[in-house]
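The values are calculated or read from the model by the stated rules, or taken from the named source; none is laboratory data. Everything quoted here is computed from the prediction, not taken from an experiment. As a convention, Cβ positions derive from the backbone with ideal geometry for all residues, glycine included, and neighbour counts pool all protein chains shown. Calculation scope for accessible area: heavy atoms of the full protein, side chains included, ligands and nucleic acids excluded. Shrake-Rupley method; radii C 1.70, N 1.55, O 1.52, S 1.80 Å.
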Amino acid sequence: MIFNKSKETMSRDEITQVQLERLQMTLNRVYRNVAFYKTSFDTQGVGAESIRTLEDLGRLPFTTREHLLSAYPYDMFAVPLRDIVRLHSTSGTAGKPVVVGYTKNDLSHWAECTARLLSAAGITDQDVVQIAFHYDLCTGGFGFHQGAERIGASVIPASATAPDKQIMVMRDYKTTALLSTPSFAARLAQELETQHIHPEKLFLKKGLFGAEPWSENLRREIEERLHITALDNYGLTEIMGPGVAGECEEKRGLHVNEDHFIVEIVDPATGAAVSAGETGELVFTTITKEGFPLIRYRSGDMAAFLCDPCPCGRTFCRISRVSGRTDDLIFFGGTKLFPADVEKILLAVEGTAPHFAIDLWSDPDGSEVMEVKVEISEKVFAIDKLRDLESVRDVIRRRIEQVLGVSAKVLLVEPKSLRTDADGAKFRRVTDRRRK
Amino acid sequence: MLVVRNLRSGYGSIAVLKAVSLHVGRGEIVVIIGPNGAGKSTLLMSVTGLVAPFEGEVEFEGRDITAVPAEKRVGLGCVLVPEGRRVFATLSVRENLELGAYHVRRNGLGREVRHDLERIFALFPILRKRERQMGGTLSGGEQQMLAIGRALMARPALLMMDEPSMGLAPVVTASIFKTVLTLREQGLSILLVEQNARRALSVADRGYVIETGQMVLEGTREELLNNNDVQRAYLGKDYSAINE
Ligand SMILES: Nc1ncnc2c1ncn2[C@@H]1O[C@H](COP(=O)(O)OP(=O)(O)OP(=O)(O)O)[C@@H](O)[C@H]1O
Ligand SMILES: [Mg+2]
Ligand SMILES: [Zn+2]
């Protein structure tokens with residue numbers, strides 16, 4: 001079912017007009033209310049008034065993650081704090097998070113956008129929706145919750161409860177739709193097997209998975225093991241959270257909610273638009289956000305436009321499933337981190353050299369494991385006190401948990417053992433052998 | 001119905017509107033609110049062709065009318081009820097109304113004017129009573145009805161109204177806005193400019209906020225009512241008490 005037919009099936013002319021109007025208004029508002037944009041447009045000599053077509057958007061400067069980090073916490077807000085009714089932030093990286101504020105209207109649009117995705121996946125007011133995203137600073141739980149309520153589904157805010165509890169809820173509460181990360185869905189599939197529960201004993205029919213990259217292989221695996229249809233959806237906290245784009249039941253790419261966002265795809269190296277159908281970096285401009293509008297935000301996610309019309313009847317443009325990153329961001333346990341975040345922690349721990357490697361794999365029970373191998377410094381190695389080493393390892397593990405919010409194994413290794421310059425092979429900072 | 005893109009318009013060398021874009025869908029009531037001097041009247045006059053824009057496009061019913069002169073736009077169904085009513089004081093009510101039928105007559109439909117007059121009298125019975133009175137002797141509310149009636153005689157598809165509530169008592173304003181709803185039911189699309197934001201939003205489907213010649217906000221009635229800037233600037237602080 002199409003949740004908002006008059007919007008989701010607009011003609012291209014109508015979409016273009018709505019986008020142009022809302023883009024111009026957003027530019028006028030950020031110029032008036034956000035010092036960063038006023039300075040940026042003024043110094044580049046571009047302004048709201050010079051944007052006469054959607055193509056002109058390409059003349060405006062990009063907004064990057066670094067810009068957002070240096071605006072911490074509230075400098076990018078376009079309304080006073082008293083107009084903000086909700087705050088979320090990006091998942092904990094070693095630096096500062098990006099804080100995102102929502103006005104009443106922003107929350108309402110967000111609910112609309114996630115309701116559209118749920119509806120596109122075939123979810124109706126008859127469904128029992130189990131939301132296994134964190135209900136916290138991250139946007140997953142609350143973002144989908146509002147949309148599922150707007151549809152009138154029976155919503156279970158299961159949050160990040162342990163897998164066995166999730167399975168109990170799923171079976172006993174007769175869950176028909178699961179919303180989570182794909183890796184958590186795989187973990188739940190494993191838990192079912194462990195408990196010898198046949199998926200047909202459940203009522204589950206659909207899954208909406210997102211918040212991290214996942215392959216067609218993993219999709220097939222989840223569909224087979226849980227006996228469901230699994231659909232992909234994409235969003236990012238800086239832009240809104242879940243609700244930016246999602247697959248319809250056709251599984252032919254993700255429809256972008258184009259009346260709320262303008263998406264461009266650019267060459268990550270040059271910033272120029274890629275030619276039709278080519279893969280590049282997704283760049284988003286919000287056109288209805290009041291609290292935290294962003295102009296040409298570089299997502300770091302790689303995808304391509306899919307240009308043929310979709311049989312579902314929705315006219316919003318589609319993007320391919322995200323095929324990679326422009327950087328070395330690691331998705332782990334529902335959160336995100338950069339190797340540089342780990343490095344920063346190691347530099348602050350005495351007795352270690354900043355030489356490290358990250359290994360990721362899937363355990364037989366389906367859970368993901370991250371191991372950080374750290375070279376100890378020559379100095380400590382010379383002392384060779386086992387107890388000291390133990391305490392160094394514990395400190396690192398605790399710091400990673402506190403700062404990055406992930407539990408990782410830590411393995412201390414001999415000095416110089418990670419550098420493989422000798423055999424000429426390029427050093428691999430991250431080795432990811434997880435099922436994806 | 002109406003699509004406006006990048007309208008830059010003003011007087012002499014002074015641009016009042018700076019790249020304004022908006023649209024009105026078929027059967028929609030769209031309101032433009034904004035402070036004094038923001039460019040609301042200039043916008044309506046540019047859409048009707050009374051002010052020639054420096055730049056930009058105006059599309060009406062799928063046709064580019066940017067270069068079409070004002071009189072012809074009326075003939076196409078794009079009609080303005082001007083700010084301050086502009087009723088002819090020394091003409092009778094009936095003569096005022098018949099002036100509005102100029103294009104209908106020119107198109108050889110003179111015989112239908114009687115019927116159109118009847119429609120206006122049905123909409124505003126007071127005008128029938130005042131049929132032979134001079135326009136100048138009418139009250140403010142009656143003059144506003146006459147101005148709307150005169151515009152309707154041109155058989156508009158899009159009716160634009162500039163500050164119809166200006167200087168009117170609240171009950172009179174209420175009846176004018178009721179008329180707006182009736183007209184929409186009869187199939188008209190309406191673009192309304194108002195200082196009385198609360199009143200205007202009460203009948204609108206959607207609205208725009210214009211400030212210093214630039215659009216800054218657009219949304220459904222609910223969205224605009226929920227926006228804190230709109231509440232502060234246009235609805236007054238006791239807004240919630242009044243929003244019955
Ligand atoms: N004929 C004119 N010649 C020169 N400047 C004008 C003329 N008419 C209006 N202006 C200027 O254009 C600006 C916008 O006026 P406009 O009437 O479009 O605004 P408005 O939003 O309708 O305001 P108001 O609430 O006063 O009706 C004002 O600053 C005004 O001084
Ligand atoms: Mg005016
Ligand atoms: Zn589709």
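Points to keep in mind about this one:
- Shown in residue order for region A:229-241 are the 3J(HN,Hα) couplings computed by the Karplus curve 6.51 cos²θ - 1.76 cosθ + 1.60 at θ = phi - 60°: 8, 10, 10, 9, 9, 10, x, 9, 3, 4, 8, 5, x Hz (x for Gly and Pro).
- Counting charges near A:Arg32 (Lys, Arg +1; Asp, Glu -1) among other residues having Cβ under 12 Å from its Cβ returns a value of 0.
- Extension gain from A:Ser367 to A:Ser275, taking 0.36 nm per residue of separation minus the Cα-Cα distance: 29.2 nm
- Between A:Asp432 and B:Glu222, the FRET efficiency from the beta-carbon distance, with R0 = 51 Å, is close to 0.65.
- Ellipsoid fit via the Cα gyration tensor, region A:5-325: semi-axes of 34, 21, 18 Å, each the root of five times an eigenvalue, largest first.
- Taking all protein chains into account, the per residue accessible area for chain A stands at 42 Å² (1.4 Å probe).
- Size of region B:68-140 as Cα extents on the principal axes (Å, biggest first): 35, 28, 20
- Normalised by 2.2 N^0.38 Å, where N is the number of residues, the C-alpha radius of gyration of region B:2-239 stands at 0.99.
- The contact residues of region A:1-31, meaning those that lose at least 20 Å² of 1.4 Å-probe accessible area when all protein chains sit together rather than their chain alone, are A:Gln17, A:Leu20, A:Glu21, A:Arg22, A:Gln24, A:Met25, A:Asn28, A:Arg29.
- As a length-normalised measure over Cα pairs under 8 Å and 6 or more apart, the relative contact order of region B:2-239 settles at 28 percent.
- Of all accessible heavy-atom area on region A:79-165, the percent that carbon and sulfur account for (1.4 Å): 55 percent
- Within the protein assembly as shown, the percentage of alpha carbon pairs spaced more than 45 angstrom apart rounds to 34%.
- Region B:1-72, accessible area per residue, ligands and nucleic acids excluded (1.4 Å, Å²): 39 Å²
- All-pairs Cα distance distribution in region A:55-187, expressed in whole percent, bin size 10 Å: 11, 33, 31, 19, 5, 0
- List of region B:194-217 residues, accessible area with partners at least 50 Å² below that of the chain alone (1.4 Å probe): B:Gln214, B:Val216
- Rg/Rg_ref, region A:121-183, where Rg_ref = 2.2 N^0.38 Å and atoms are Cα: 1.03
- Partners of A:Lys7 within straight-line reach, counting lysines whose Cα lies under 26 Å from its Cα and excluding those fewer than 8 residues away in the same chain: A:Lys104, A:Lys206, A:Lys251, A:Lys289.
- Excluding ligands, DNA and RNA and using a 1.4 Å probe, chains A and B jointly bury around 2100 Å² of accessible surface, summed across both partners.
- Excluding same-chain neighbours fewer than eight residues apart, the lysines reachable from B:Lys129 by a Cα-Cα span under 23 Å are B:Lys178.
- A Stokes-Einstein calculation at 10 °C with viscosity 1.306 mPa s, built on the Kirkwood radius of region B:1-63 over Cα pairs, returns a diffusion coefficient of 133 µm²/s.
- Rough spin-label spacing in nm, given labels placed 7 Å along Cα→Cβ, for B:Thr137 and A:Thr9: 5.7 nm
- Placing a label point 7 Å from the Cα of A:Phe36 along the Cα-to-Cβ direction, the residues of region A:222-255 with a backbone N closer than 13 Å are A:238-239.
- Segment A:Lys251-A:Glu149, extension gain: residue separation times 0.36 nm, minus the distance between their alpha carbons: 34.3 nm
- Built amide H within the under 5 Å cut-off of A:Ile2, gap 5+: none
- Accessible area of region B:78-160 belonging to carbon and sulfur atoms, whole % at 1.4 Å probe: 52 percent
- Hz values of 3J(HN,Hα) by residue in region B:15-29 - Karplus curve (6.51, -1.76, 1.60), Gly and Pro given as x: 7, 8, 9, 10, 6, 9, 10, 6, 8, 10, x, 4, x, 8, 10
- Gain on full stretching of the segment that runs from A:Ser407 to A:Glu343 - 0.36 nm per residue minus C-alpha separation: 21.5 nm
- Helical mean residue ellipticity (222 nm; -39500 (n - 2.57) per DSSP H run of 4+; nearest 500) of chain A: -9500 deg cm²/dmol
- Under the Karplus curve 6.51 cos²θ - 1.76 cosθ + 1.60, θ = phi - 60°, whole-Hz ³J(HN,Hα) for region A:60-70, x wherever Gly or Pro sits: 7, x, 6, 10, 10, 4, 4, 4, 5, 5, 7
- Evaluating kT/(6 pi eta Rh) at 4 °C and 1.567 mPa s, with the Kirkwood radius of region A:194-304 over Cα pairs in the Stokes-Einstein relation, gives 82 µm² s⁻¹.
- With 10 Å² as the minimum drop in accessible area between chain alone and full protein complex (1.4 Å probe), the qualifying residues in region A:276-304 are A:Glu290.
- DSSP bridge analysis restricted to region A:174-257 gives an antiparallel fraction near 40%, rounded to the nearest 5.
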